[in-house]
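Peer 1: I am attaching a structure below and will ask some questions about it afterwards.
The values are calculated or read from the model by the stated rules, or taken from the named source; none is laboratory data. Note that the coordinates shown come from a computational prediction; the quantities given were computed from them, not determined experimentally. As a convention, Cβ positions derive from the backbone with ideal geometry for all residues, glycine included, and neighbour counts pool all protein chains shown. Remember, those area values only see protein heavy atoms, side chains included, never the ligands or the DNA or RNA. Shrake-Rupley method; radii C 1.70, N 1.55, O 1.52, S 1.80 Å.
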Amino acid sequence: MEIFFGSLLYIIGEMSPYLLLGFLVAGVLHVAVPKRFYTNYLSDSSFKSVLMAALLGVPLPLCSCGVIPTAVGLRNERASRGAVASFLIATPQTGIDSIIATFSLMGLAFAIVRPAAALITGICGGVIVNVMTRQMVDTEVDSCNSATLKTAEKPIVSILRYAFVEMMQNIGTRLLIGLLLAALIQVGVPDSFFLQYGDKPLLQMLVMLIVAVPMYICSTGSIPVAAALLAKGLTPGAAFVLLMAGPAVNFGSFLVIRKTMGLKFTIIYISTIIAGAVGFGFLLDNFDGLLQFTDAANRHCCPSETEQMSWFKIACSIVLIVCLLNVFIMSIFNKFKRSKVAVSGTVYKVDGMACNHCKAAVETAISNIGGIKSVTADITNQTVVIEGEANENDIRQAVENAGFKFKGRV
């Protein structure tokens, strides 16, 4: 146990300065960039709109669940199918926080290749969707507001709240699971475990695909897991498959995209991610000797017996741990508070809400219905409490148009 906790603290110490910086930059992007900026350049079915969607999506810190309501919102604001596909593929693979964190634990080469792969696969998927769906007629949809609710807070307060409260709520649990898994792998997996499969890189990639595709892991939470596996002999290409495919898709997102965007769109979306992950995986394996992906990652990931953690890293680790603890304390507090407060309004079951982006998307979609006085979504219980007069079919349509599953009254 002492070795396990030592390894865990080392990983946290290496990642925490970069994570905190990444979260802060993400907060600035969230508050400072107008939401209409993301839709003004994406409406036509051209290569430019596909390129812009990928470029806009790469730095955004959205996971595979949070990106879906955002993409549906883009679609409702007349973004082209290709632009939506490009955004869906590129965005969850990376983000400004995960790019910085990748550098902290896996080195500069991985930090460069990761966003480059997200950009290229997003563009490829968007172009293919535009070509394959050119004859499809768009159905009429209502324009919706941003998935983020308006606030009267000062900008600096909004930045800090989003960076260190909302983002922590969105990915905190998955990040913690990733850190624990990484420490467990470093302690429990023999150093030579993957070396016996060193001459079978394709087999390693296929195993990572089988593990990664159904997983629900964020782009930041996947980093310590991939770094730990790489240190145990996994090829850099197979580790990259986990980094790319894990955050980009899961069974939940597959089902929602199938429902909202159609089967052909979904097949292209999944195929592009898998082909891109394996293709870039082969490139990394072939260029490992030249660019030394494995050596760079091992230098960042694996502790030296004589290395001492700096006071700066210790301070950043404490801040990160406090932020993570705040997530779980607030979750328990809110659950206790809800149990003490009588429900005022009609309660509906809505499946698929997994983060604050999802919560905001559902609340905004329902709020646009005439006669609604207030809407409160609950991620934990997967419910929505609505006050006001509205037809249940209108509520169903609003929820499903936002990319979630409406299951009626509780």
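Peer 1: Any of K48/K349; K154/K349; K200/K259; K154/K373; K264/K359; K154/K259 with alpha carbons more than 32 Å apart? Name them for me.
Peer 2: Checking Cα-Cα distances, K48/K349; K154/K349; K200/K259; K154/K259 exceed 32 Å.
Peer 1: May I pose another question? Could you please put L180, L9 in sequence from largest to smallest accessible area, using a 1.4 Å probe?
Peer 2: Correct descending sequence by accessible area is L9, L180.
Peer 1: Sticking with this structure for a sec: What is the gain in length, in nm to one decimal, between S46 and K264 on full extension, counting 0.36 nm per residue of separation less the C-alpha to C-alpha distance?
Peer 2: Working: separation 218, 0.36 × 218 = 78.48 nm, distance 1.89 nm.
That works out to 76.6 nm of additional length.
Peer 1: For L108 and F312 in the same chain, what is the full-extension length gain: residue separation times 0.36 nm, less their Cα-Cα distance, in nm?
Peer 2: Between L108 and F312, full extension yields 71.3 nm more.
Peer 1: Right, here's the next one. Determine, for each peptide in 117-128, 345-356, the mean count of other beta carbons within 10 angstrom over its residues, then list the peptides with the highest first.
Peer 2: With the highest mean Cβ count within 10 Å placed first, the list reads 117-128, 345-356.
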